[in-house]
Every structure is written in structure tokens, then in C-alpha cells.
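Everything below concerns the one structure shown next.
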Amino acid sequence: MNHPSNHTPPGAGKSSYDLIDPATLWVALNLPQGITFLDLGCGRGNYSLAAADRIGPGGLVYAVDLWEEGIAALKERAAREGRANLKPLAAGASQVPLESGSVDVGLMATVLHDLVEAGTAAGALAEVSRVIKAGGRLAIVEFHKIDGPPGPPRHIRLDPAEVEALVAPYGFVRQQTVNLGPYNYLIMFMKKDRTP
């Protein structure tokens, strides 16, 4: 069993949301009203809060992170602001507490490189594949493979080809790559229908 309080995950408390061009991100994601959205490795929840605004009261955003302090703060904020469509959950990326095939769109914003570095990317991607329905989408935001700051050291960063090589074995097909500004890019995948 994962005990989230045992350690603080890498990057806890940091958010790439302030580094990206949010208008470009949300146009590319084109989230319909009423969908189920998963923000895996949500941190403070900046992406989750923005997604909750876009999908409307009929939708649901699951904000999942191992960082208990961040999840507690996000729960308080969601309650204070009356955001019934935002559900923060403290859990590891390899044990997402959601039903299989229950998510329309999943987001991993500047978290995949940390999972690769920690050796837990395979478990996390298997979980993402499990919870995203066939025909659903996975959006990954990563840092351009350039020297920082901001962001992690260059040797930890993943270029789009590396991201695709990691994600493709889990049933995802790349749709597009979008530049989100000087520091980050978005790569979009669709989950294949497993039926022959």
C-alpha cells in the first residue's frame, strides 16, 4: 500500500502552469462540457481548476497526486469556492483510485519525466491506459529538451519522440504536438479501441 506522507514527490509545490501559454493549451485540448477529466500528478491543482471551469458543472475533474499537503489545500479551495465538479484524491500514479474506462481525457503535466527518473513510469502509464476509455485522449505537457532553468536538468527532460516511445506501448497513438511557449510543449494521444 502506498503511504503518500512518507515522502514529498519531486516537483511538489511547483507548477508549470505559470510557464505555459494557457490559451494555446486549452484550445488544443478542446474539452467538451460534461466530460470526466483526470489530472495525474496535479500538484497545487492549477490545471485541475482551469479544467473544472471549462467542463462545467456536469463534468468531473479528478485531481490526483501523491503530495498530501497539496491535495488537502486543493480540497479546501474546492470546498471554499463551491467547486462540486473537482475531486482531489491523494494517491500514487501507479494506483489511481478510479474505475477502468471512466476517464475521457487524462493530463500529465510535467510529471512524466519525474516518473521516468523514479522508475515508476511503466506502472503509471499502465494505470492511465486502464482508466482512460477507448477513444479517449491523453495529454502530456513536458519541458523542451533545452537547458533550464526553469524546469529539471536537461538530461531528465523528454523530447516528443521519447514521450511517444514511452506512451505508445500502452495503446496510445500520437495525434499532435503543440508548442506551449519557450519552455514547454503539449503532445496529444488517442487511446486505441482494443477491439480487432
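Derivation of every value follows stated rules applied to the coordinates shown; laboratory data play no part. Being a predicted model, the structure only gives us computed values, none of them experimental. Cβ coordinates were reconstructed from backbone atoms using ideal geometry, including for glycine residues, and neighbour counts include every protein chain displayed.
Can you bin segment 49-196 into rounded, prolate or oblate? Criterion: square roots of the alpha carbon gyration tensor eigenvalues sorted a ≥ b ≥ c, rounded for a/c under 1.5, prolate for a/b above b/c, oblate for the rest.
Here segment 49-196 falls in the oblate category.
With springs only between Cα atoms under 10 Å apart, run a GNM on the chain and tell me which of Leu74, Leu112, Leu19 wobbles the most.
Top of the fluctuation ranking is Leu19.
Rounded, prolate or oblate: pick one for segment 8-88, where a ≥ b ≥ c are the square roots of the eigenvalues of its C-alpha gyration tensor, a/c under 1.5 means rounded, and failing that, prolate if a/b is larger than b/c, else oblate.
Because a/c hits 1.5 or more and a/b fails to exceed b/c, segment 8-88 counts as oblate.
Please sort 128-140, 160-172 by packing, taking for each peptide the average over its residues of neighbouring beta carbons within 10 angstrom, highest first.
Result, highest mean Cβ count within 10 Å first: 128-140, 160-172.
By how many nm would the segment from Thr120 to Leu89 grow when fully extended, if each residue of separation counts as 0.36 nm and the alpha-carbon distance is taken off?
Additional length available on full extension: 9.3 nm.
Report, by chain and number, residues whose modeled amide H sits under 5 Å from the one on Leu86, excluding near sequence neighbours (fewer than 5 apart, same chain).
The answer is Val61.
Between Trp26 and Ala161, what is the label-to-label distance in nm when each label sits 7 Å out along the Cα-to-Cβ direction?
Each label point is offset 7 Å from its Cα along the Cβ direction, giving 3.5 nm.
Based on the mean of other Cβ atoms within 10 Å per residue, sort peptides 21-28, 33-40 so the most packed one is first.
Sorting 21-28, 33-40 by mean packing, highest first, produces 33-40, 21-28.
Taking amide hydrogens as modeled 1.01 Å from N in the peptide plane, which residues meet the under 5 Å criterion relative to Gly148, leaving out close sequence neighbours?
The answer is Arg154.
When ranked by the protection proxy of mean other Cβ atoms within 10 Å per residue, highest first, what sequence do the peptides 87-96, 115-124 form?
Output ranking for 87-96, 115-124: 87-96, 115-124.
When Met190, Met108 are ordered from fewest to most other Cβ atoms inside 10 Å of their Cβ, what list results?
Fewest-to-most ranking of Met190, Met108: Met190, Met108.
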